[in-house]
């Protein structure tokens with residue numbers, strides 16, 4: 001077992017983990033943050049995307065011991081109480097989720113993306129989304145939602 | 001209207017199956033066959049059993065309970081009974097057949113131990129070609145059956161032989177619709193916990209909690225009501241989760257043996273290799289056609305590749321038999337005949353996937369119709385117009401499907417207009433001169449909805465065991481609770497049911513609570529599949545809400561000293577028609593219902609449970625696709641997709657459009673990207689999402705959706721089902737668009753999928769499959 005010290009969604013955790021524990025399993029099973037989902041376990045589907053030091057990463061491709069000393073955000077950190085994040089609100093408005101399994105990963109990837117590219121074109125959004133799989137929606141409403149959220153977040157600044 | 005489901009899903013609060021945790025729970029991992037077909041010598045679990053954290057390693061002989069699923073209970077009486085071992089003891093019949101189960105304190109320990117189980121294998125010949133599997137000398141997959149054909153079915157209607165003998169032309173086409181996979185992002189899984197030796201709770205990622213309860217209770221010899229099936233949020237189903245799988249019986253057996261909750265969560269390679277493959281049908285179609293372009297008859301042979309077992313309980317007939325039953329499609333014919341064979345091979349079993357076999361036969365038929373148009377030098381739309389059943393009126397097909405009216409020809413015209421069809425043909429000619437190849441494909445189709453006895457029988461399946469109820473209760477505070485055994489796996493049933501109940505009872509949408517996904521808390525229903533929930537749950541809900549409304553009005557009539565027939569219910573009030581000041585709030589009326597005063601003879605509880613069984617109902621639509629094919633690389637780009645949908649009365653436009661768009665993306669995947677190949681040794685070649693390619697955002701164009709509305713004259717509310725159409729109709733549109741683009745090369749398409757290498761084979765050498773006599 002290895003001791004790690006990690007900040008997750010603003011809280012500090014000192015945890016003891018097996019060296020081979022995946023970060024996704026650490027978040028889901030040890031910290032009980034089950035909003036991060038696991039869809040393929042080899043970094044293709046993007047359902048397990050989280051923010052590590054603000055950058056979108058696939059938590060199924062990392063080990064928990066690799067985040068010692070780091071800061072992580074998961075989907076559970078996006079809303080403030082009952083108030084949804086603009087991305088969450090726009091996903092809802094655009095019907096950008098059906099079963100919702102892929103949604104947390106797409107939201108976290110979008111937070112990182114809009115941080116780097118606050119005014120993206122539809123093509124840029126589509127390119128970013130090509131790394132996130134969704135089996136329900138056909139993607140168009142997701143592109144719409146991210147486009148709308150970008151406009152709102154721009155306006156808020 | 002925003003969906004009620006969304007906040008929990010958007011914030012990570014919704015619990016999917018693997019998010020459910022029970023104290024003391026153990027994890028199960030299955031040891032699977034690496035061979036397609038192999039006899040088992042000995043199994044040595046010693047090394048695995050002593051691994052750190054391992055609680056048990058069990059093989060078939062050690063399971064304390066039933067040994068097999070009998071997998072043909074819901075099919076035709078003459079069908080063979082195929083037994084599927086829960087764990088195989090004598091031989092494996094496909095790569096991935098489960099041999100043993102390892103249960104450990106966590107998944108890591110279980111997977112370590114699973115690798116240490118030693119099995120002596122004696123490989124047998126693999127059988128990957130369904131046609132070869134049907135030959136009399138083929139090695140047998142299930143020796144006790146004496147052949148590899150689950151069932152042979154023949155059907156004909158009308159003077160088939162005479163029509164073919166008299167025809168000016170007979171056109172023939174072979175078409176192999178390739179294997180694909182529903183592949184919901186959340187795979188299968190189960191958590192089982194025994195509350196007592198006779199009482200079991202399972203958490204299951206399923207589309208049919210009550211059927212899981214029925215099937216498990218029978219196998220484990222429990223009273224049905226002693227099994228509670230809880231279905232948390234379901235991460236997509238698309239038909240894959242309308243089956244009971246052997247793992248879902250092993251898990252409760254093992255939990256009982258060990259006295260601990262046991263959880264099994266399928267991983268992605270298991271999902272792709274072992275859960276269920278779909279839609280693979282080999283077809284030979286013939287059309288009897290006059291020189292004026294009148295299609296008089298179709299004849300078809302449909303050979304399904306059902307894999308090693310029969311999907312429980314529907315069987316592998318859901319692909320080839322459903323395909324054959326819809327052979328006439330939207331055409332007005334004089335005769336039709338089909339033969340169906342349900343071949344078994346050493347591959348993963350076939351299971352339901354959105355549109356089942358309708359996708360395969362519709363694609364093959366519409367590809368044939370386009371071939372005929374090219375051969376007769378007729379416009380493909382004109383050829384279809386000359387043969388289509390008329391708009392509006394109900395029509396009974398020669399396969400005895402009772403279509404309840406639709407916009408068959410007009411939907412095609414709206415699609416053509418949306419594309420500016422004549423202008424497209426001009427542009428196509430101009431681009432060809434520059435060696436750019438664009439094409440258009442049309443796919444008008446009819447889609448069954450509301451799968452229940454009527455539709456099942458129309459498709460050649462028995463019509464029993466469809467009973468579907470919804471309960472509606474007014475709570476003491478005037479809010480409404482709707483409970484139903486239908487199970488949303490993304491379709492937003494909570495929202496549509498709340499919307500219907502609110503409208504029917506005059507309360508606000510926010511004042512309706514919908515309970516689903518727990519057999520201990522809901523009215524009985526067989527589940528959500530076959531585009532049935534919008535039709536059947538809506539029908540039952542409207543009946544139950546009507547009963548509740550009658551009770552409320554009876555109570556209100558006493559309070560307002562008026563006749564119930566003079567009262568109206570709206571915006572949270574009951575009032576006298578024409579005198580809206582004489583009113584009571586619904587909360588006041590409900591309080592009077594529960595606590596009085598109420599008229600004599602009125603039951604105090606304003607609640608009702610009703611069921612609804614619809615007659616056959618069919619939506620229709622036309623899909624048009626425009627593609628460009630790069631003849632250097634073989635890459636197909638879908639430029640435009642237009643759909644004109646007619647599903648009768650639209651319940652919730654946002655959700656309807658979402659269903660269309662999602663099914664479309666799956667249609668694009670099935671034609672252009674996906675594929676589940678096996679090599680000749682029966683080794684499965686697409687075990688990860690690196691090989692099995694979901695369409696990604698860059699593969700799916702924006703969709704243009706138009707609506708026509710031909711309400712059903714036969715269903716409650718005029719609703720028709722529409723959840724599968726995109727995947728029934730989009731493949732034909734894309735196949736025809738590619739063939740149209742490549743018509744200068746004489747291309748005729750006879751298969752899916754069509755990745756770039758398949759497209760290049762169409763271009764060089766030219767492969768004309770159309771025979772004309």
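Going residue by residue through segment A:65-80, is there one that turns out to be within 24 Å of residue B:14 (Cα to Cα), more than 9 Å from every other protein chain (Cβ to nearest Cβ), at pLDDT 95 or above and surrounded by 23 or more Cβ atoms within 10 Å (Cβ to Cβ)?
yes
Might you check whether a residue that is touching a helix residue (DSSP H, G or I) at 6+ places or on another chain (Cβ under 8 Å), at pLDDT 95 or above and under 30 Å from residue B:306 (Cα atoms) occurs anywhere in segment B:639-646?
Within segment B:639-646, not a single residue is touching a helix residue (DSSP H, G or I) at 6+ places or on another chain (Cβ under 8 Å), at pLDDT 95 or above and under 30 Å from residue B:306 (Cα atoms).
Being within 14 Å of another protein chain (Cβ to nearest Cβ) and in contact with a helix residue (DSSP H, G or I) (Cβ under 6 Å, 6 or more places away or on another chain) narrows it down to one of B:265, B:295, so name that one.
After applying the criteria, what remains is B:265.
Which of (1) over 30 Å from residue B:384 (Cα atoms); (2) touching a residue at least 40 places away in the same chain (Cβ under 8 Å); (3) surrounded by fewer than 24 Cβ atoms within 10 Å (Cβ to Cβ); (4) touching a helix residue (DSSP H, G or I) at 6+ places or on another chain (Cβ under 7 Å) does residue B:465 not meet, given it meets every other one?
It fails just one condition, (4).
In this structure, does residue B:81 turn out to be surrounded by fewer than 19 Cβ atoms within 10 Å (Cβ to Cβ) and in contact (Cβ under 8 Å) with a residue 12 or more places away in the chain?
So residue B:81 fails the test.
What number of residues in segment A:132-157 are surrounded by fewer than 19 Cβ atoms within 10 Å (Cβ to Cβ) and either in contact (Cβ under 8 Å) with a residue 24 or more places away in the chain or not in a helix (DSSP H, G or I) (or both)?
7
Residue under question is residue B:449, and the condition is that it be in contact with a helix residue (DSSP H, G or I) (Cβ under 6 Å, 6 or more places away or on another chain) and at positive phi; does it hold?
Criteria not met by residue B:449.
Just the residues that are in contact with a helix residue (DSSP H, G or I) (Cβ under 7 Å, 6 or more places away or on another chain) and closer than 15 Å to residue B:669 by Cα, please, taken from segment B:679-701.
B:686, B:689, B:692, B:693, B:694, B:695, B:697, B:698, B:699, B:700
Would you point out the residue of segment A:4-25, among those that are more than 10 Å from chain B (Cβ to nearest Cβ) and without any contact (Cβ under 8 Å) to a residue 40 or more places away in the chain, that is nearest to residue A:104 (Cα to Cα)?
Among those residues, the one meeting the criterion is A:24.
Provide a single number: the residues in segment A:116-130 that are in a loop (DSSP other than H, G, I, E, B) and either under 18 Å from residue B:668 (Cβ atoms) or facing chain B (nearest Cβ under 8 Å) (or both).
1
Of A:45, A:60, A:40, which residue is closer than 27 Å to residue B:696 by Cα, within 12 Å of chain B (Cβ to nearest Cβ), over 15 Å from the mean Cα position of the chain (by Cα) and crowded, with 17+ Cβ neighbours inside 10 Å?
Exactly one residue qualifies, and that residue is A:40.
Determine, yes or no, whether residue B:161 is outside any loop (DSSP other than H, G, I, E, B) and without any contact (Cβ under 8 Å) to a residue 24 or more places away in the chain.
Yes; evaluated as a whole, the condition is true for this residue.
Considering segment B:635-673 alone, what residues qualify as being facing chain A (nearest Cβ under 9 Å) and more than 15 Å from residue A:139 (Cβ to Cβ)?
B:654, B:655
The conditions are (1) in a loop (DSSP other than H, G, I, E, B); (2) more than 21 Å from residue B:359 (Cα to Cα); (3) in contact with a strand residue (DSSP E or B) (Cβ under 9 Å, 6 or more places away or on another chain), and residue B:706 fails exactly one of them. Which is it?
(1)
Restricting attention to segment B:164-179, which residues are surrounded by 20 or more Cβ atoms within 10 Å (Cβ to Cβ) and out of contact with any helix residue (DSSP H, G or I) (no Cβ under 7 Å at 6 or more places or on another chain)?
Hits for segment B:164-179 are B:167, B:178, B:179.
Restrict the check to segment A:86-100 and report whether at least one residue is at pLDDT below 95, surrounded by fewer than 20 Cβ atoms within 10 Å (Cβ to Cβ) and within 10 Å of chain B (Cβ to nearest Cβ).
No, the conditions are met nowhere in segment A:86-100.
Only one residue in B:150, B:155 is crowded, with 24+ Cβ neighbours inside 10 Å and in contact with a strand residue (DSSP E or B) (Cβ under 9 Å, 6 or more places away or on another chain), so which one is that?
B:150
Out of curiosity, is residue B:658 part of a helix (DSSP H, G or I), closer than 17 Å to residue B:642 by Cα and in contact with a strand residue (DSSP E or B) (Cβ under 9 Å, 6 or more places away or on another chain)?
no
Each row is one residue, and each column tells you yes or no for (1) surrounded by 18 or more Cβ atoms within 10 Å (Cβ to Cβ); (2) away from every other protein chain (no Cβ under 14 Å).
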| position | (1), (2) |
| --- | --- |
| B:16 | yes, no |
| B:30 | yes, yes |
| B:42 | no, yes |
| B:85 | yes, yes |
| B:100 | yes, yes |
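The values are calculated or read from the model by the stated rules, or taken from the named source; none is laboratory data. All of these numbers come straight from a predicted model, not from anything done at the bench. Glycine also receives a Cβ, built like all others from the backbone with ideal geometry; neighbour counts cover every protein chain displayed.
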